[in-house]
Amino acid sequence: MKHLLSVEDLGADGLDDMLRVTDSFVEVGERAIPKVPALRGKTVVSLFYEDSTRTRLSFETAAKRLSADTMNFSVSTSSVKKGESLRDTVETIEAMGVDAIIVRHSSSGVPWQVASWVDASVINAGDGWHEHPTQALLDCYTIRQARGSLEGLRIAIVGDIKHSRVARSDVLAFTLLGASVVLVAPPTLLPPSLEGWPVEVSHDLDEVVPKADVVYLLRMQKERMTEALLPSLREYTARYGLTVSRAAQLQESAIVMHPGPMNRGVEIAAEVADLPRSVITQQVRNGVAVRMAVLYMLLGSGVDLTHGSGTDRAA
Ligand code: CP
């Protein structure tokens, strides 16, 4: 596999392989010196056209722990501000000699475009509303860590599904690994069509919470909303927030997840985010090991993980 653009590129076997390799890098992260020479001599660049804390920093940490050289690109201090196009920017960076380009962009499909312009490996770090495959990998890894397997689990994804690339990648990954997914949202925060999505839909969080093994909350993505989709955040929280009283209805073994950044008091109560059953910090921690596995499998191992139905659309 040369690029990681979509969860579909991996398929169930590829996901399994990547999670297995992640185990090794979790072990590396626990060492006194959490560093291995696997990618010595390789150069990895982060090309983020959208803000990020977790994804950008964990990819940078992952690359450094693999002994790769890293380059960081910040739109606000680059020649993009002088009108340089995406293609010219990408080709300029590639001319400096890079082995992997990690791309985040507000437009869906940009990582596929970038992959068609360069010889380097391309990793999708989030494209518009479309996909965020490494988030899905770290979410699967975290669920496996907490529950042993995804097979047969009932996972509720709650909130702004319409604008969420995390929801799209998670639905693909969770169902490939044998979980069933229920989307819980007001009709205005669901995609106009769910044709082809292997999910159930509910508008009643109180009914879903006691039966769920995992409750996965999503933030209201106001930066992607072009119209008012809710009467008020207060009303949203009352109907769709994981409040303290709703969390009290969870099964003993159920876990609470969130990709971050959280809006405490809106989609999740501050107290619920800090419960022992909330694995949000573990998600972030696992993000480093998962991204080490992705970089290693693309740049260092020579193992082909392409088991998925997704095609290399850049080829
Ligand atoms: N979950 C996630 O993608 O977070 P960042 O936007 O901070 O990278």
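May I ask you to give the solvent-accessible area per residue for the chain, in square angstrom, as obtained with a 1.4 angstrom probe?
Numbers: 13210 Å² over 315 residues.
Result: 42 Å² per residue.
Please report the base-10 log of the normalised intensity I(q)/I(0) for the stretch 85-155, using a Debye sum with one equal scatterer per alpha carbon and no solvent, at each q in 0.12, 0.13, 0.18 (1/Å).
Computed log10 I(q)/I(0) values: -0.44, -0.49, -0.72.
Of all the accessible heavy-atom surface of the stretch 1-114, with the other protein chains kept in place and a 1.4 Å probe, what percent is carbon and sulfur?
Working: 2430 of 5240 Å².
Answer for the stretch 1-114 is 46 percent, counting heavy atoms of protein chains only.
Give the Rg (one decimal place) followed by the Dmax (whole number) of the stretch 194-299, computed from C-alpha coordinates and expressed in Å.
Gyration radius and largest Cα-Cα distance of the stretch 194-299: 15.9, 48 Å.
Once the mean 1/r over all distinct Cα pairs of the stretch 133-282 is inverted, what Kirkwood radius in angstroms do you read off?
15.2
What Kirkwood hydrodynamic radius, in Å, does the chain give when the mean of 1/r is taken over all pairs of distinct Cα atoms and then inverted?
When all Cα pairs of the chain are included, the Kirkwood radius is 19.9 Å.
Please list, ordered by chain and number, the residues whose modelled amide H lies under 5 Å from the amide H of Phe73; skip anything fewer than 5 residues away on the same chain.
Excluding prolines and chain starts, which carry no amide H, the hits are Ser46, Phe48.
For the stretch 1-68 and the stretch 256-281, what is the separation of their C-alpha centers, rounded to whole Å?
That distance is 25 Å.
Principal axis lengths of the stretch 74-215 from Cα atoms, whole Å, largest first?
54, 34, 27
Using a Gaussian network model of the chain whose springs link C-alpha atoms within less than 10 Å, name the residue from Ala238, Ala32, Ala173 with the highest mean-square fluctuation.
Of Ala238, Ala32, Ala173, the most mobile in the Gaussian network model is Ala32.
So what is the relative contact order for the stretch 133-282, in percent, with contacts set as C-alpha pairs under 8 Å and at least six apart?
The value is 24 percent.
Can you pull out the GluC sites (Glu not before Pro) in the stretch 219-286 whose DSSP state is coil and whose Cβ has at most 13 other Cβ atoms within 10 Å?
Qualifying residues, ordered by number: Glu227, Glu252.
Looking at the chain only, what percent of DSSP beta bridges run antiparallel? Nearest 5 please. Provide the component values of the computation, followed by the final result.
Details: 1 of 37 bridges.
Among the beta bridges of the chain, antiparallel pairing accounts for roughly 5 percent.
Just want to confirm a number: the relative contact order over the chain, from Cα pairs under 8 angstrom separated by 6+ residues, in percent.
Result for the chain is 26 percent.
Give me the percent of Cα-Cα pairs in the stretch 244-295 that sit more than 15 Å apart, rounded to a whole number. Walk me through the intermediate numbers first.
Details: 670 of 1326 pairs.
So the pairs more than 15 Å apart make up 51 percent of the total in the stretch 244-295.
Which three extents, in whole angstrom, do the alpha-carbon atoms of the stretch 54-115 cover along their principal axes, largest first?
34, 25, 23
With all protein chains present, how much of the accessible area of the stretch 133-282 (probe radius 1.4 Å) comes from carbon and sulfur, to the nearest whole percent? Show your work: numbers first, answer last.
Details: 3110 of 6090 Å².
With neighbouring chains kept in place, the figure for the stretch 133-282 is 51 percent.
For the cross-link pairs Lys35/Lys162; Lys42/Lys81; Lys42/Lys82, which exceed 32 Å when the distance is taken from alpha carbon to alpha carbon?
Numbers: Lys35/Lys162 39 Å; Lys42/Lys81 28 Å; Lys42/Lys82 30 Å.
Beyond 32 Å between Cα atoms: Lys35/Lys162.
Using Cα pairs closer than 8 Å and at least 6 residues apart in sequence, work out the relative contact order for the stretch 98-137, in percent. All intermediate terms of the calculation are to be shown ahead of the outcome.
Details: 63 pairs, mean separation 17.4, N = 40.
After rounding, I find 43 percent.
The values are calculated or read from the model by the stated rules, or taken from the named source; none is laboratory data. All values reported here derive from a predicted model rather than from experimental measurement. Every residue, glycine as well, gets a Cβ built from its backbone with ideal geometry; the counts of neighbours run over all protein chains shown. To get the accessible areas, we keep the full protein, side chains included, count just its heavy atoms, and leave off ligands, DNA and RNA. Shrake-Rupley method; radii C 1.70, N 1.55, O 1.52, S 1.80 Å.
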